1. Would you mind calculating the gained length between A:D59 and A:A306 on full extension (0.36 nm times residue separation, minus the Cα-Cα distance), in nm to one decimal?
2. Would you mind listing the distances between the B:K94 label point and the same position in each other copy? Use 7 Å along Cα-to-C-beta, nm, one decimal, shortest first.
3. Sorted by mean Cβ packing within 10 Å, highest first, what order do the peptides B:73-83, A:117-127 take?
4. Compute the helix-to-body angle for B:43-61: its Cα long axis versus the longest principal axis of chain B, expressed 0 to 90° and rounded to tens.
5. Going down the table (A:K96/A:K155; B:K8/B:K155; B:K169/B:K242; A:K105/A:K162), which pairs top 21 Å between alpha carbons?
6. When Cβ neighbours within 10 Å are restricted to other protein chains, what is their mean count per residue of peptide B:100-113?
7. For A:D63, place a label point 7 Å out from Cα along the Cα→Cβ vector, do the same in each other copy, and report the separations in nm, one decimal, smallest first.
8. For the modelled label position 7 Å from the Cα of B:N3 along Cα-to-Cβ, which residues of region B:214-235 have backbone nitrogen atoms closer than 20 Å?
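The values are calculated or read from the model by the stated rules, or taken from the named source; none is laboratory data. All figures in this text were calculated on a predicted structure; none of them were measured in a lab. All Cβ positions, even for glycine, are placed from backbone atoms using ideal geometry, and neighbour counts span all protein chains on display. With ligands, DNA and RNA removed, areas are computed over all heavy atoms of the protein, side chains included. Shrake-Rupley method; radii C 1.70, N 1.55, O 1.52, S 1.80 Å.
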Number of protein chains: 2
Amino acid sequence: MINKLVDKIKKTEAPIVVGLDPTMKFVPEHIQKKAYAEYGETMKGAAEAIWQYNKAIVDSIYDLIPAVKPQIAMYEQFGIEGLIAFQKTVDYCKQKDLVVIGDIKRGDIGSTSEAYAVGHLGQVKVGSTMCRGFDEDFVTVNPYLGSDGVRPFIKVCQEEKKGIFVLVKTSNPSSGELQDRLVRTLEGDGGQGADRPIYEIVGEQVAAWGAECMGESYSYIGAVVGATYPEQGRILRDIMPKAYILVPGYGAQGGKGADLVHFFDRDGLGAIVNSSRGIIAAYQQEQYAKYGAENFADASRAAVLAMKEDIAQALAGRA
Amino acid sequence: MINKLVDKIKKTEAPIVVGLDPTMKFVPEHIQKKAYAEYGETMKGAAEAIWQYNKAIVDSIYDLIPAVKPQIAMYEQFGIEGLIAFQKTVDYCKQKDLVVIGDIKRGDIGSTSEAYAVGHLGQVKVGSTMCRGFDEDFVTVNPYLGSDGVRPFIKVCQEEKKGIFVLVKTSNPSSGELQDRLVRTLEGDGGQGADRPIYEIVGEQVAAWGAECMGESYSYIGAVVGATYPEQGRILRDIMPKAYILVPGYGAQGGKGADLVHFFDRDGLGAIVNSSRGIIAAYQQEQYAKYGAENFADASRAAVLAMKEDIAQALAGRA
């Protein structure tokens with residue numbers, strides 16, 4: 001699946017993933033009204049609204065981009081009905097031949113991570129039958145529990161030819177509270193001797209796990225590093241030369257095209273940049289207001305094209 | 001809800017939470033057969049099997065214990081149908097007046113953690129209507145993203161009088177890879193000067209968050225500390241004097257009654273010990289084999305009583 005992702009990035013010339021994170025305040029009123037008229041102001045009504053919203057956006061942009069990243073929390077907040085909309089969104093995007101990165105940030109003790117891994121990437125045994133749950137192509141994984149919380153995901157990825165992105169340095173303002181802490185290095189750490197921040201230690205782990213999991217040019221064990229921390233991006237690019245980097249935090253969270261260059265290799269590969277509300281709620285921004293709420297999906301298309309241009313310029317202009 | 005939990009622990013004299021983590025290999029064959037006869041070897045069949053299994057166990061033990069802890073991964077592996085079984089289990093346990101701790105280990109950037117918090121503990125706005133999703137009483141939270149990934153949960157807990165348990169030192173063998181790393185302390189850390197392990201730093205954070213969130217005698221911001229690390233339990237008990245400690249790892253993972261004493265305060269409060277397969281799959285252990293698979297729920301009841309006795313003896317026998 002990492003090979004497919006890289007191929008699609010080359011073909012679309014867009015190292016972009018669109019975050020399908022449908023907060024209700026992004027969903028145009030006419031879509032909400034129609035859904036509530038049909039199902040009432042219920043979880044089912046909400047789920048119908050976010051599904052119709054997603055579908056229109058995907059229909060408008062699927063030819064421009066390699067991948068989407070639905071954030072499961074935005075569906076889980078609407079309970080079972082919301083998760084049905086998540087499932088429909090995953091399935092629909094796969095029909096459109098998009099690579100689907102489930103942003104689930106799961107991670108637990110070994111036996112429990114195994115359940116998440118089979119539920120989101122693999123197959124679970126029911127009697128003598130193998131069944132698939134959510135069936136994304138990639139998922140994001142939290143490393144706080146250490147390697148036995150991550151290895152079950154790796155095992156399923158090996159079987160299924162899928163992949164993960166491990167949280168290394170997240171885009172949010174308080175990510176440094178733990179991730180930037182300087183730790184004493186141990187034997188076996190790269191750069192032994194000096195103290196190093198936790199994100200580097202986790203980056204080293206990602207590189208080590210990834211070495212066992214190579215696709216053609218990149219590993220299918222990738223990393224999440226926020227656009228809001230470009231300097232750390234540069235360091236982590238070096239520490240994990242074979243890891244694809246999933247870069248959130250572009251646009252609404254403050255990351256700019258110029259901040260992104262260090263996440264990429266010289267050939268413009270090695271990173272994929274996420275934008276969520278910057279694309280899916282583009283119609284609410286002044287710049288795209290002319291489209292109006294009715295044509296929100298056209299505004300999203302224009303925003304994808306602008307983002308593609310912004311990144312291409314930044315990569316072309318780097319020293 | 002922390003007051004209710006403490007009251008129920010006092011009333012049952014059982015600082016015990018039963019982990020409802022229905023791996024299919026624990027579910028007796030007669031239950032699986034019946035479910036597959038009705039729904040086929042499908043996700044719906046699997047979900048029916050784990051729901052009937054849970055229900056029988058809960059019916060057999062609900063009067064002995066204060067709380068249950070369903071691990072959502074064990075349901076999520078069966079996709080939407082599994083999550084419907086999770087929802088039914090949560091609702092049923094609440095009907096039985098059990099405190100429900102959703103073991104979800106979620107945690108993300110602020111806006112996303114907010115979605116998880118409302119989906120699992122609070123209410124989400126749909127049009128002008130407020131709706132509830134999974135509606136557990138407590139959930140577990142992952143701290144890797146720092147305080148802005150945790151605060152949305154705290155906010156919802158304050159509104160809803162619910163609570164969280166933050167992962168501090170998990171029970172699994174590799175938990176030390178990150179959590180035990182020695183970090184340089186900063187101004188504002190307790191015990192400034194010396195290097196300290198990450199779990200202590202997170203423990204300090206839990207204590208600080210918890211100070212704003214006091215119930216009658218304990219805070220509703222608790223912590224997860226594994227029974228498999230008794231020495232760390234002792235230290236963390238001191239660092240977080242007002243935090244209830246949720247202690248996984250007893251029984252199947254290797255933790256023993258004698259290991260638990262340091263997690264408790266002198267009056268026998270302050271900690272609640274989880275056992276999952278040790279209770280729900282008791283009938284598969286030699287000790288309870290006499291019950292047979294047909295009477296698995298009776299075996300679970302006997303295992304709860306034995307666990308209660310084991311902990312009581314350990315607490316009575318401490319120096």
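1. Length gained, A:D59 through A:A306: 87.1 nm.
2. 3.2
3. Working: B:73-83: 25.4, A:117-127: 23.2.
Descending packing order for the listed peptides: B:73-83, A:117-127.
4. 80 degrees
5. On the way: A:K96/A:K155 27 Å; B:K8/B:K155 25 Å; B:K169/B:K242 17 Å; A:K105/A:K162 16 Å.
Going by Cα-Cα distance, A:K96/A:K155; B:K8/B:K155 fall outside the 21 Å limit.
6. Numbers: counts 0, 0, 0, 2, 3, 12, 7, 6, 11, 13, 3, 10, 12, 3.
Across B:100-113, the average partner-chain Cβ count within 10 Å equals 6.
7. Here the equivalent label points are 6.9 nm apart from this one.
8. The answer is B:214-222, whose backbone nitrogens lie closer than 20 Å to the label point.
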